[in-house]
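Below is one structure, written out as structure tokens; the observations come after it.
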Amino acid sequence: MTPDRLRAALVAVPDRDWLVGALIRVTVEPATVVGYYSVARRRCGQVALPAAPGWTADVAARVLLLSVLPLCGTRLTEVVAQLYQFGDPTEKLAVLRALPMLDLGPSAVPVLHDAVRSSDPRLLAAAMGPYSAHLDDGAWRGAVLTCVRTGVPLAVVHDLERRADAGLAELLADHATECRATGHQLSPDATALLHRLTGIRDSTH
């Protein structure tokens with residue numbers, strides 16, 4: 001997803017003039033982003049956006065507000081961390097979805113670390129998007145395992161096929177053993193990944 005696509009998807013929001021004005025104001029006075037961010041749901045609504053599947057108007061508007069911030073480096077990281085820390089789950093989700101669109105480098109990785117410890121599968125899924133490239137291998141493997149444990153589809157994990165390695169295979173194998181011991185089954189997508197990583201073929205095929 002890109003800011004331009006989100007702008008196009010938001011063309012029919014109930015209070016389009018408010019959104020346009022908010023985006024302009026934030027580019028001039030970055031400190032106003034906190035106030036605009038907090039009222040985006042009330043002004044733009046929570047309707048699903050047909051032109052941006054999986055997105056709602058309030059989340060898209062908040063991501064756009066972050067994308068126009070004329071900040072960089074430490075100042076931008078501080079704003080992002082503040083909005084995430086004090087946000088409700090939907091506000092946190094918007095921060096996570098905005099991360100790949102911001103010039104942050106690895107400075108917002110602590111936000112990801114918090115998100116992957118969350119019990120909210122939406123936050124975990126968003127954390128494993130493109131910005132997860134900044135997670136080190138150990139943290140990334142642990143986050144993938146958390147996806148498996150919580151039922152988050154592995155299809156949401158960015159760059160899974162390239163980053164999946166023997167270390168992840170070991171974690172998945174251990175988890176599969178735990179599942180069998182408790183009478184449960186490893187999810188189909190995790191089973192398929194484990195088979196690819198270990199060269200096991202499904203005998204039913």
Provide the per residue accessible area, probe 1.4 Å, for the stretch 68-179, rounded to a whole number of square angstrom. 45 Å²
For the chain, give the percent of accessible area contributed by carbon and sulfur heavy atoms, probe 1.4 Å, rounded to a whole number. 56 percent
Determine the calculated [θ] at 222 nm for the chain from helices alone, applying -39500 (n - 2.57) to every DSSP H run no shorter than 4 residues and normalising by the residue count; nearest 500 deg cm²/dmol. -18500 deg cm²/dmol
How big is the charge dipole of the chain about its Cα centre, in debye rounded to the nearest 20, if each Lys and Arg gets +1 on its Cβ and each Asp and Glu gets -1 on its Cβ? 440 debye
Work the Kirkwood hydrodynamic radius out for the stretch 142-205: mean of 1/r over every pair of different alpha-carbon atoms, inverted, in Å. 12.0 Å
Where is the GNM fluctuation largest for the chain (alpha-carbon springs, 10 angstrom cutoff): ALA125, ALA94, ALA52? ALA52
GLU78-HIS158 FRET efficiency (beta carbon distance; Förster radius 25 Å; 0.05 resolution): 0.50
Report, please, the projected area of the chain averaged over directions, based on the convex hull of its C-alpha atoms, in nm². 12.7 nm²
Computed lengthening from ASP136 to ARG42, 0.36 nm per intervening residue step minus Cα-Cα distance: 30.1 nm
Gain upon complete extension [ARG196, PHE86; 0.36 nm per residue less C-alpha separation]: 35.5 nm
Viscosity 1.567 mPa s, temperature 4 °C: give me the Stokes-Einstein translational D for the stretch 16-109 in µm²/s, with Rh taken as the Kirkwood radius over C-alpha pairs. 98 µm²/s
Tell me which trypsin sites (Lys or Arg not before Pro) from the stretch 58-142 have a DSSP coil assignment and no more than 15 other beta carbons within 10 Å of their own. ARG117
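The values are calculated or read from the model by the stated rules, or taken from the named source; none is laboratory data. If you're wondering where the values come from, they're calculated on a predicted model, not measured in any experiment. Because the Cβ atoms are built from the backbone with ideal geometry, glycine has one as well, and the counts that use them run over all protein chains shown. Ligands, DNA and RNA are stripped out before the accessible areas are found, and what is left, the full protein with its side chains, is counted by its heavy atoms. Shrake-Rupley method; radii C 1.70, N 1.55, O 1.52, S 1.80 Å.
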